[in-house]
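The structure appears right after this line, and notes come after that.
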Amino acid sequence: DTAVSQTPKYLVTQMGNDKSIKCEQNLGHDTMYWYKQDSKKFLKIMFSYNNKELIINETVPNRFSPKSPDKAHLNLHINSLELGDSAVYFCASSHLSGLAPGGYGYTFGSGTRLTVV
Amino acid sequence: AQSVTQPDIHITVSEGASLELRCNYSYGATPYLFWYVQSPGQGLQLLLKYFSGDTLVQGIKGFEAEFKRSQSSFNLRKPSVHWSDAAEYFCAVGVRAGGTSYGKLTFGQGTILTVHP
């Protein structure tokens, strides 16, 4: 069973479109994240949610809107896509902060490669 | 603000040779340190983590890392590299997110490992 699953795995779309990426975790974690990996492989956090509540919003354009219907799901909706949004988007999850001694840290999904043309 | 530096962008080793990937961090408090591996087209897999205690940490796939507070380093090592270890390796520091008890990862820029037969 996949612990953190993202769909779709690949997404090619035109500038100006609106698209969504879905993420689900079956680990029983209560905190979920979106990270963006740019073309230079640099990974940066975008958002985190704990039990459907927004915890972290790292200066992301408001064209990006995360939605968490329940603690096992965190979706990412992107409006008016731009060329610069092309990247790999990773979903991750953790129990609480992910920083508890003896804990398992953060579990990542396999990523969604978004290409805007 | 916290930061992670991986000085080596690309390392090439021969199969069977030993490996050390360097990681230096900057963080004012006790660091929570991670190493992840990303195979081509794949997600991020946790190799090992350091939260506290013994400064030599054992991970999966025969990897280990040593936390050296005096050098602000968390270098990853493997005594004998296998061809399947070819991938990109990311060091990360886990920090509390701005006044909350929740965490986030700040990543280094990654080190690409090539293994020659």
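The values are calculated or read from the model by the stated rules, or taken from the named source; none is laboratory data. What you are looking at is a predicted structure, and each value in this text was computed from that prediction instead of being measured. Neighbour counts are summed over all protein chains in view; Cβ atoms, including those assigned to glycine, are modelled from backbone coordinates with ideal geometry. In case anyone asks, the SASA skips ligands and DNA or RNA and just uses the protein heavy atoms, side chains included. Shrake-Rupley method; radii C 1.70, N 1.55, O 1.52, S 1.80 Å.
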**Request:** Report, ordered by the first and then the second residue, all pairs with beta carbons closer than 7 Å, sequence separation of six or more or different chains, a first member in segment B:101-114 that is free of Cβ contacts under 8 Å to residues at least 12 places away in the same chain and facing chain A (nearest Cβ under 7 Å), and a second member that is of a type in the set (F, W, Y) and surrounded by 23 or more Cβ atoms within 10 Å (Cβ to Cβ).
**Result:** none
**Item:** Residues of segment B:11-30 that turn out to be in contact (Cβ under 8 Å) with a residue 60 or more places away in the chain and within 15 Å of B:V81 (Cα to Cα), as a count
**Value:** 10
**Fill in**
Here the residues within segment A:67-115 that are farther than 22 Å from A:D30 by Cβ, open to solvent by 40 Å² or more (accessible area, probe 1.4 Å) and among the acidic types (D, E) are A:E82
**Asked** Looking only at residues in segment A:30-44 that are open to solvent by 10 Å² or more (accessible area, probe 1.4 Å) and within 12 Å of chain B (Cβ to nearest Cβ), which one is farthest from B:L113 (Cα to Cα)?
**Response** A:D30
**Message:** Name the single residue that is farthest from the other protein chains (Cβ to nearest Cβ) among those in segment B:74-91 being open to solvent by 20 Å² or more (accessible area, probe 1.4 Å) and either aromatic (F, W, Y) or outside any strand (DSSP E or B) (or both).
**Reply:** B:S80
**Request:** Just give me the residues in segment B:32-43 being aliphatic (A, V, I, L, M) and either open to solvent by 20 Å² or more (accessible area, probe 1.4 Å) or more than 23 Å from B:A97 (Cβ to Cβ) (or both), in sequence order.
**Result:** B:V37
**Asked** Is it true that some residue in segment A:6-23 is free of Cβ contacts under 8 Å to residues at least 60 places away in the same chain and farther than 19 Å from B:L33 by Cα?
**Response** yes
**Item:** Verdict on B:T12 being within 14 Å of chain A (Cβ to nearest Cβ) and either in contact with a Ser or Thr (Cβ under 9 Å, 6 or more places away or on another chain) or under 26 Å from A:S39 (Cβ atoms) (or both)
**Value:** no
**Fill in**
For B:Q71, the lone unmet condition from (1) in contact with a strand residue (DSSP E or B) (Cβ under 8 Å, 6 or more places away or on another chain); (2) at the interface with chain A (Cβ under 10 Å from one of its Cβ atoms); (3) open to solvent by 20 Å² or more (accessible area, probe 1.4 Å); (4) not basic (K, R) is (2)
**Asked** If you take the residues in segment A:1-41 that are hydrophobic (A, V, I, L, M, F, W, C) and touching a Phe, Trp or Tyr at 6+ places or on another chain (Cβ under 7 Å), which one is nearest to B:Y102 (Cα to Cα)?
**Response** A:M32
**Request:** Please tell me if A:N51 is at pLDDT below 90, touching an Asp or Glu at 6+ places or on another chain (Cβ under 7 Å) and open to solvent by 70 Å² or more (accessible area, probe 1.4 Å).
**Result:** yes
**Message:** Against the definition (open to solvent by 60 Å² or more (accessible area, probe 1.4 Å), closer than 30 Å to A:T31 by Cβ and more than 10 Å from chain A (Cβ to nearest Cβ)), how does B:T55 come out, yes or no?
**Reply:** no
**Request:** Please enumerate the residues belonging to segment A:17-29 that are open to solvent by 50 Å² or more (accessible area, probe 1.4 Å) and in a loop (DSSP other than H, G, I, E, B).
**Result:** A:N17, A:D18, A:N26, A:L27, A:G28
**Request:** Taking the options B:L46, B:L105, name whichever one is out of contact with any His (no Cβ under 7 Å at 6 or more places or on another chain), closer than 21 Å to A:K44 by Cβ, in a strand (DSSP E or B) and open to solvent by 40 Å² or more (accessible area, probe 1.4 Å).
**Result:** B:L46
**Request:** Have a look at A:L83, A:L99 and point out the one that is in contact (Cβ under 8 Å) with a residue 60 or more places away in the chain and more than 13 Å from the chain's Cα centre (by Cα).
**Result:** A:L83
